[in-house]
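No value in this document is a laboratory result; all are computed from the given coordinates. The structure presented is a predicted model; accordingly, all values stated were derived computationally and were not measured. Using ideal geometry, Cβ is built from the backbone for each residue, glycine included, and neighbour counts are taken over all protein chains shown.
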């Protein structure tokens, strides 16, 4: 099967040759792997059997797609200032953190930068026939507002300025709809990737009632756009979100990520039992303890159990619960892959093919 055929088979719960893979590597992990395999980093997706190819076209590009040196800063199109601290770019300045209500209401999203943002999709054009193509417009709503206003202010605004908060959620959705519309006109896509972190490890940041009142209607607009374009719709939220999974299904969700299985209510067996006939699950492999700290046997056992739970009958895509961190031992990465029948030897064979093709150029 081609990668595109494999992912479609998983989504449609049809027979397939192996579970699809969509693995995200932290840039330092990607560098370590490319050095270990002896290939340029741009070929890593090919060599590591990634069936899905996806790029950021929204503000997540600013967070994860821009390479900075430690302590280096830059400001994105939304007016957010970022600084490289540790493994990731972190927000150094929220443009609306001290703004009054009128200034917040008058905030202008960078519509003039949408063509430039969706230029990122052009790197996938040569992959679109064989691979499943995704477009990531996240953060979509609440998390986008967090990046403008700061987390504490965002949560307070729900209680103190509900009308303003509702209007900003609508503006966030309006911008992302324009972004998505431009994206589908630039490249034929297979799914629309949306998302917001609306929960912590132990529960949601706001009440489910508030989520349903202010966020669900706007998220429904994004989902409906994807459906109108005949796209699968994926949604990402870290943490514990069992309270809103039925709502997500109600508005048309197809794929839920990242399945942090160590969070209350996110146990894979419960999710498969309750929602397995309606959702495809992507993720579930712990990046906090299992991959960086576990043994090879730990990884093989845990990933095997995850596959036994979520993969039967289709509806599962192998992925970690976050980007794979640089401290992850190489043998643990290969142990994770071996659980779905992709051996270290197969990966090195692909790396060898890349090297031969480069020598022949």
task: Taking the Cα atoms of the chain, report the difference between the largest and smallest coordinate on each principal axis, in whole Å and largest first.
output: 60, 47, 39
- request: Treat the count of other C-beta atoms within 10 Å as a stand-in for reagent exposure and order 132, 348, 175 from fewest to most.
  value: 348, 175, 132
- line: Cβ density ranking, 10 Å radius, fewest first, applied to 281, 142 yields 281, 142
Mean separation of Cα contacts under 8 Å, 6 or more apart, over the residue count of the range 271-342: relative contact order %: 45 percent
statement: Nearest 10, in degrees from 0 to 90: the angle of helix 162-186 to the longest Cα principal axis of the chain is 40 degrees
- prompt: Using mean Cβ contacts within 10 Å as the protection proxy, how do 327-339, 148-160 order, highest first?
  reply: 327-339, 148-160
Beta bridge orientation in the chain: antiparallel %, DSSP, nearest 5: 30 percent
task: Pairs of Cα atoms under 8 Å, at least six residues apart: use those to get the relative contact order of the range 113-214, whole percent.
output: 44 percent
- line: Measuring from the longest principal axis of the C-alpha atoms of the chain, the long axis of helix 27-37 (C-alpha) lies at a number of degrees, nearest 10, equal to 10 degrees
task: Would you work out the relative contact order for the chain, in percent, from Cα pairs under 8 angstrom that are 6 or more residues apart?
output: 20 percent
message: Quick check: from the Cα gyration tensor, does the range 48-87 come out rounded (a/c under 1.5), prolate or oblate?
response: oblate
- request: Label the range 1-93 by shape, choosing from rounded, prolate and oblate, from the square roots a ≥ b ≥ c of the eigenvalues of the Cα gyration tensor; if a/c is under 1.5 it is rounded, and otherwise prolate applies when a/b is larger than b/c, oblate when it is not.
  value: oblate
- prompt: Relative to the longest principal axis of the chain, what angle (0 to 90°, nearest 10) does the C-alpha long axis of helix 296-310 take?
  reply: 70 degrees
query: Once you sort the root eigenvalues of the Cα gyration tensor of the range 157-257 as a ≥ b ≥ c, which label holds: rounded (a/c under 1.5), prolate (a/b larger than b/c) or oblate (the other case)?
result: oblate
